[in-house]
Amino acid sequence: MRAVGIIFSNIHDNNVPELARIRTLGSIPFGGRYRLIDFPLSNMVNSGIDTVGIITKSNYQSLMDHVGSGKDWDLARKDGGVIILPPYGDEQSSTLYTSRLEALKGITNFLFRADEQYVVMTDCDAVCRINYSEVIEYHIRNRADITLVYKKFNDGEYSAKNATTFDIEDGRIVNVNYKERLQEQAHNVFTNVFVMKKSLLQNIVMDSISHNKRHFMTDVIASNVDSMKIMGYEHKGFYAGITSLQAYFDSNMAMLNNEVRHEIFGDRSVFTKIRDSAPTKFGNSAIVKNSMIADGCVIEGEVENSILFRNVKVARGAVVKNSIIMQNTVLGENSTLNCIIADKNVTIRDRKVLSGSENHPFYISKGIMI
């Protein structure tokens, strides 16, 4: 069955205010050469969804530059393709939306123009590979009104503030819980993926406008678990929620695990904007262990358990361990970095020593010189 995709690029900006201060969540760099929006967008393309609306809000210039016409995802089309949607609460207002439901109120024209029968909605706050067509088939097979995707975590496997969890009986969601902090026990954690008929979503949006409803989970999902058939679909693969700067660091570090990296990137179907960069140059003194190095880097020092984005320079004698170094960052001679997240265009001068810890990485803002 055909479906239209909706991606919310800004809903969870507050999860990582350090990284989202100058950009939308969807355009946060990840894994050496990707952006967070690449994962839901690639999942949609791989699931046969060829009409995708991306809802924006603020700081979305870099997102537009990255997505462009959508050609790198085979979405540069005359009919459908990728569409950047306006960041307003409704059609007559220039007021920015404050919730998911308000964002949906602002794209009613997009919904009415789409001729697909189903809608898949997702956010940019997670790294995972999921086949949305299987979720739609599950939705149809169970004759559900709405299907929500969740990931089951055992005791202590997942920690996040303000998480949404489900109580599930025979596949049906019977209760929605809002947790300020997850305790040490098993949880069915919502992955912010929704599937439903487009006609139902249109009715929900129109009803919310007439009754001044604001919050999708509270006013639509939680209040209708008894009157609507809301099913839960369990995602059994790898899932990393970007719920904090610590979670962002941990999720990147997880990519250094062979099994995780193979599941996420193994078949090369996570698409991103292609850039023509020179190959990475390794000097005679370079030592690299268990790291992901993007194109255009020059490595003359030591890099271990780290992720380096494009055009990073590591001078002779410099040591980088357990760190995430973003594009165009320069590390001076005999400098040492450990458990650092360095944003783009950072310069670390010679003989500087900076260290965070695995449980508290140190963040350096874009363009800073130390």
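The values are calculated or read from the model by the stated rules, or taken from the named source; none is laboratory data. Because the structure is predicted, anything quoted here is derived from the model rather than measured. Please note: Cβ atoms are built from the backbone with ideal geometry, for glycine as well, and neighbour counts cover all protein chains shown. These area figures cover heavy atoms from the full protein model, side chains too; ligands, DNA and RNA do not enter into them. Shrake-Rupley method; radii C 1.70, N 1.55, O 1.52, S 1.80 Å.
Think of segment 230-370 as a dipole: +1 on every Lys or Arg Cβ, -1 on every Asp or Glu Cβ, centred on the Cα centre; then among Ser323, Ser277, Met231, Ser277 lies furthest on the positive end.
Could you point to the label whose value was computed as Kirkwood radius over Cα pairs in Å for the structure here, given [x] 20.8; [y] 21.5; [z] 19.7? So the structure-derived entry is [y].
Summed over qualifying helices (DSSP H, 4 residues or more, each -39500 (n - 2.57)) and divided by its residue number, the chain shows a 222 nm mean residue ellipticity of -5500 deg cm²/dmol. Among Ile140, Ile28, Ile293, determine the one that fluctuates most according to a GNM of the chain built with springs between C-alpha atoms less than 10 Å apart. Between Ile140, Ile28, Ile293, it is Ile140 that shows the largest mean-square fluctuation. Note on the chain: with charges restricted to the Cβ of Lys and Arg (+1) and Asp and Glu (-1), its dipole about the Cα centre is near 840 debye. Setting aside same-chain residues fewer than 8 positions from Lys289, which aspartates and glutamates have a Cα under 20 Å from its Cα? Correct list for Lys289: Asp250, Glu259, Glu300, Glu302, Glu304, Glu333, Glu358. For Lys71, the aspartates and glutamates whose Cα comes closer than 14 Å to its Cα, not counting residues fewer than 8 places off in the same chain, are Asp38, Asp50, Asp79.
Considering only Ile168, Met64, Val189, and ranking their Cα positions along the charge dipole of the chain that arises from unit charges at the beta-carbon of Lys, Arg, Asp and Glu, the one farthest toward the positive end is Met64. Placing R0 at 25 angstrom, the Cβ-Cβ distance between Ile22 and His360 gives a FRET efficiency of 0.65 after rounding to 0.05. Compared with the alpha-carbon gap, the fully stretched path from Glu234 to Asp295 is longer by 18.3 nm at 0.36 nm per residue. Placing unit charges on each Cβ (+1 for Lys and Arg, -1 for Asp and Glu) gives the chain a dipole about its Cα centre, and among Asn43, Asn154, Met217 the Cα reaching farthest toward its positive end belongs to Asn43. What is the Cα centroid distance between segment 223-276 and segment 295-370, reported in whole angstrom? When both Cα centres are located, 26 Å separates them. Per residue, the solvent-accessible area of segment 1-152 (1.4 Å probe, heavy atoms of protein chains only, all protein chains present) comes to 39 Å². For Glu302, the residues whose amide H sits under 5 Å from its own are Ile287, Gly317, Ala318, Val319, Val320, ignoring neighbours fewer than 5 places away on the same chain, with H placed 1.01 Å from N. Couplings 3J(HN,Hα) for segment 29-45, derived from phi with the Karplus relation 6.51 cos²θ - 1.76 cosθ + 1.60 (θ = phi - 60°), are x, 8, x, x, 8, 10, 10, 4, 5, 4, 6, x, 5, 5, 4, 5, 4 Hz, where x marks Gly and Pro. Here the Karplus relation 6.51 cos²θ - 1.76 cosθ + 1.60, evaluated at θ = phi - 60°, turns the backbone of segment 339-346 into coupling constants of 6, 10, 10, 9, 6, 5, 6, 8 Hz, with x for every Gly and Pro. When +1 charges are put on Lys and Arg Cβ atoms and -1 charges on Asp and Glu Cβ atoms, the dipole computed for segment 201-275 relative to its Cα centre reaches about 340 debye.
Normalising by residue count, segment 1-134 has a Cα convex hull of 109 Å³ per residue. Scoring 49-59, 358-368, 301-311, 212-222 by mean Cβ neighbours within 10 Å over their residues and listing the highest first yields 301-311, 49-59, 212-222, 358-368. Keeping the other protein chains in place, figure out the carbon and sulfur percent of the accessible area of the chain, with a 1.4 Å probe. Ligands and nucleic acids excluded, carbon and sulfur give 43 percent.
With respect to the cross-link table entries Lys273/Lys352; Lys151/Lys352; Lys105/Lys366; Lys236/Lys366; Lys197/Lys236, which display a Cα-Cα separation exceeding 32 Å? Check vs 32 Å cut-off fails for Lys273/Lys352; Lys151/Lys352; Lys105/Lys366; Lys236/Lys366. Net charge near Ala76: determine it from the other residues with C-beta under 14 Å of the C-beta of Ala76, scoring Lys and Arg +1 and Asp and Glu -1. That works out to 0.
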